[in-house]
Amino acid sequence: MNAKNDLRDLAIMGAPQAFPETLHVGRPNLGDRAALLERVNDILDRRWFTNNGRYVQEFEQRVADSLGAKHCIATCNGTVALEIVIRALDLKGEVVMPAFTFIATAHALQWQEITPVFADIDPTTHLIDPASIERLITPRTTAILGVHLWGRPCNVEPLERIARRHGLKLLFDAAHAFGCSHQGRMIGSFGEAEVFSFHATKFVNSLEGGAVVTSNDKLARKIRLMKNFGFEGYDSVGYIGTNGKMNEVSAAMGITSLESLDEFILINHANYGVYVDGLANIPGIKLLQLEGNERRNFQYVVVEVDADECPISRDDLMDLLWTENVQARRYFYPGCHRMEPYRSYRRNGNFFLPHTERVAECVLILPTGETVNASAITTICQIIRLGVAHAEEVSRCLRVCSLPMHPKRPEYGIATYEHFGPGLRQQAF
Ligand code: T4K
C-alpha cells in the first residue's frame, strides 16, 4: 500500500497507485474455509446436490431461528425469491415501491407485468417516504413493496397503516438487511413476507442465493411449492411454479457464512468506525449514520458528496478513487425510474422524485468487509481528503487526461488505469 499524504502522492500525478490490488465494494467474505470444504466434500460423498437437500434444510432452519420467523424458504437468488413471493401473493396491476433501489426490485414486478409505481425517498434515510405513497395509490394498486436499503429498516409502522387503510399487501425487499432489527424485532418478521439476498457480495453469502421469510403458514407452503415447479408430490402439480431452488453447495456456503455472522458484523462495525474518524471534517462529505440501539450489519459504507458544500463532484471523487485502485460505486444511480423499460413509461417519466434524484447524484459506496483493513480505510479517506482539498487540480487533471477509467461510465469507455498510467504526468503537466 502506498501512503497518500499530499497531492504529489496521487496516481494522477504519476505516483504509484495506493493499492496494487483492486479494492472492491462487495468483495465476498469467506468465513471458515475448512468448514466449508468439509461440507462440500460431504455433499460430493453423498451425491445429493440439490432439491431440498440436507444443507438447504439446515440453512433454512438456521435463518428462521436467527430471525425468530416461522418459515424460511431458500432460493437460488434474491431476485427469484422476490418474483416468487410476488406471484404467491397474487399481486397484479400496480405496486408502489421506491425508485432508489437495485433494479431487481422493479424487475421482479415488471417480469410478471405488474407495473412498479415509483415513490420518492426520505432524503436523510434514503428509504421510501410514506408521505409520498398515498397519492400514488389507484384502484389498480395491490401492494406496497418497501426496501430496507443499506440495511436500514423502512419506517414500517406508517407503511402498515397505509396498507391497512387501502387494503393493500405489504412486503419488503430485505436484500441488504440480514441481521438488522427494527424496534427490537429482527428484519424478517414484518409485512406478509421479507426477501433476503445471499449473493456473493452480501456480508453473509451463499455464493448465489436468496430466501423468503414469513410467518404465514399458507403463504410459506405455496412459496415452497412454487420454487419447485409447483410439485406437491412426484406426479402432481398444485400451482404454476418455477425452478427457484437453492443448491447444496450454496447452502453449505450459507451455513458456513452464518457461523461467522457475528465476526463479519464486528469487522464491518470496526471498519465503519475507521471511516467515521477518517472522513471527519471533510467539507461536503457525509457518512450515512448507522449507529443506534438497533442491530445493524454495517455492510454498506454510504457517503454523500454534497454538491453545494463539496468542492469536488461525486463523479470526480469516484474517478480519483478508481485511479488509486479503489472501485467505489455509485449505487443506485440513476434510479430505477431512469432505467429501461421504466423511463419509457410515460406515467413514470412524469414522476417528480426530487429526493431520489438528489440522492442518486450524490451517493458513493466505499469498500468494507473482511478484505479491507483499518490502514486501507485510512488511505481511502486520505485520498478523499486530498481530492476535496485539491478539488480544482484534481478535477483538471482528471479532465486533461480525459481518463477512461470507469467501465460503468460509458462516457469514459472501457479502458482502465493501466491504459493511461505511464506518461500520465507528462500528459497532465
Ligand atoms: N434487492 C436489492 C435491494 C438488491 O440490492 C439486490 C442485489 C437484489 C434485490 C437482488 O438480489 P440477488 O438476485 O442479486 O440475490 C451487486 C450484486 O450482484 C447484487 O446482488 C446486489 N443487490 C447489488 C447491490 O450489487 P453489481 O452489479 O454491483 O455486481 P458486481 O458484479 O459489479 O459486483 C460488485 C463488486 O463485487 C465488484 O466490484 C466485484 C466484487 N465481486 C463480485 C463478485 C460477484 C467480487 O470481488 N467477487 C465476486 O464473486 O450488483
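The values are calculated or read from the model by the stated rules, or taken from the named source; none is laboratory data. Quantities reported herein were computed from a predicted structural model and do not represent experimental measurements. With ideal geometry, Cβ positions are generated from the backbone for all residues, glycine too; neighbour counts draw on all protein chains shown. Quick note on the areas: whole protein, heavy atoms, side chains included, nothing else; ligands and nucleic acids left out. Shrake-Rupley method; radii C 1.70, N 1.55, O 1.52, S 1.80 Å.
Any residue at all in segment 217-239 that's within 15 Å of the ligand (Cβ to nearest atom), touching an Asp or Glu at 6+ places or on another chain (Cβ under 8 Å) and either among the charged types (D, E, K, R) or not assigned by TED's automatic domain parsing to the domain that holds Gln299 (or both)?
Just the residues of segment 217-239 that are within 15 Å of the ligand (Cβ to nearest atom), to begin with: 227.
This time we only want the ones that are touching an Asp or Glu at 6+ places or on another chain (Cβ under 8 Å), so: none.
Within segment 217-239, none of the residues are within 15 Å of the ligand (Cβ to nearest atom), touching an Asp or Glu at 6+ places or on another chain (Cβ under 8 Å) and either among the charged types (D, E, K, R) or not assigned by TED's automatic domain parsing to the domain that holds Gln299 (or both).
Scanning segment 150-191 for residues that are over 24 Å from Leu288 (Cα atoms), touching a Phe, Trp or Tyr at 6+ places or on another chain (Cβ under 9 Å) and open to solvent by 20 Å² or more (accessible area, probe 1.4 Å) turns up Glu160, Gly191.
Criterion first (surrounded by fewer than 19 Cβ atoms within 10 Å (Cβ to Cβ) and either within 23 Å of the chain's Cα centre (by Cα) or of a type in the set (Asp, Glu) (or both)) does Leu67 satisfy it?
Numbers: surrounded by fewer than 19 Cβ atoms within 10 Å (Cβ to Cβ): no; either within 23 Å of the chain's Cα centre (by Cα) or of a type in the set (Asp, Glu) (or both): yes.
It is false that Leu67 is surrounded by fewer than 19 Cβ atoms within 10 Å (Cβ to Cβ) and either within 23 Å of the chain's Cα centre (by Cα) or of a type in the set (Asp, Glu) (or both).
When we screen Ile255, Ile223 for residues that are in contact with a strand residue (DSSP E or B) (Cβ under 6 Å, 6 or more places away or on another chain), assigned to a helix (DSSP H, G or I) and β-branched (Val, Ile, Thr), the only hit is Ile223. Pairs linking a residue in segment 103-123 that is in contact (Cβ under 8 Å) with a residue 12 or more places away in the chain and within 13 Å of Thr141 (Cα to Cα) to a residue that is assigned to a strand (DSSP E or B) and open to solvent by 10 Å² or more (accessible area, probe 1.4 Å), with Cβ atoms under 9 Å and 6 or more positions apart or on different chains, are Leu109/Glu94; Leu109/Thr115; Ile114/Glu94; Ile114/Thr142; Thr115/Glu94; Pro116/Glu94; Val117/Glu94; Val117/Thr141.
Taken together, the residues in segment 195-212 that are hydrophobic (A, V, I, L, M, F, W, C) and either free of Cβ contacts under 8 Å to residues at least 12 places away in the same chain or within 9 Å of the ligand (Cβ to nearest atom) (or both) amount to 5.
I'd like to check something: does segment 247-255 contain any residue that is of a type in the set (Gly, Ala, Ser) and not assigned by TED's automatic domain parsing to the domain that holds Phe49? Break it down into steps so the answer makes sense when it comes.
First, the residues of segment 247-255 that are of a type in the set (Gly, Ala, Ser): 250-252, 254.
Still in the running and not assigned by TED's automatic domain parsing to the domain that holds Phe49: none.
Taking every residue of segment 247-255 in turn, none turns out to be of a type in the set (Gly, Ala, Ser) and not assigned by TED's automatic domain parsing to the domain that holds Phe49.
Scanning segment 303-337 for residues that are within 16 Å of the ligand (Cβ to nearest atom), open to solvent by less than 20 Å² (accessible area, probe 1.4 Å) and part of a helix (DSSP H, G or I) yields a count of 6.
Does segment 75-117 hold any residues that are open to solvent by less than 10 Å² (accessible area, probe 1.4 Å) and within 21 Å of Arg161 (Cβ to Cβ), and which are they? Those that are open to solvent by less than 10 Å² (accessible area, probe 1.4 Å) and within 21 Å of Arg161 (Cβ to Cβ): Val95, Val96, Met97, Pro98, Val117. Scanning segment 132-162 for residues that are of a type in the set (Gly, Ala, Ser), within 16 Å of the ligand (Cβ to nearest atom) and closer than 15 Å to Asp122 by Cβ yields a total of 1. Residue check: Phe231 meets all listed conditions (1) touching a residue at least 40 places away in the same chain (Cβ under 8 Å); (2) more than 30 Å from Asp129 (Cβ to Cβ) but one, namely (1).
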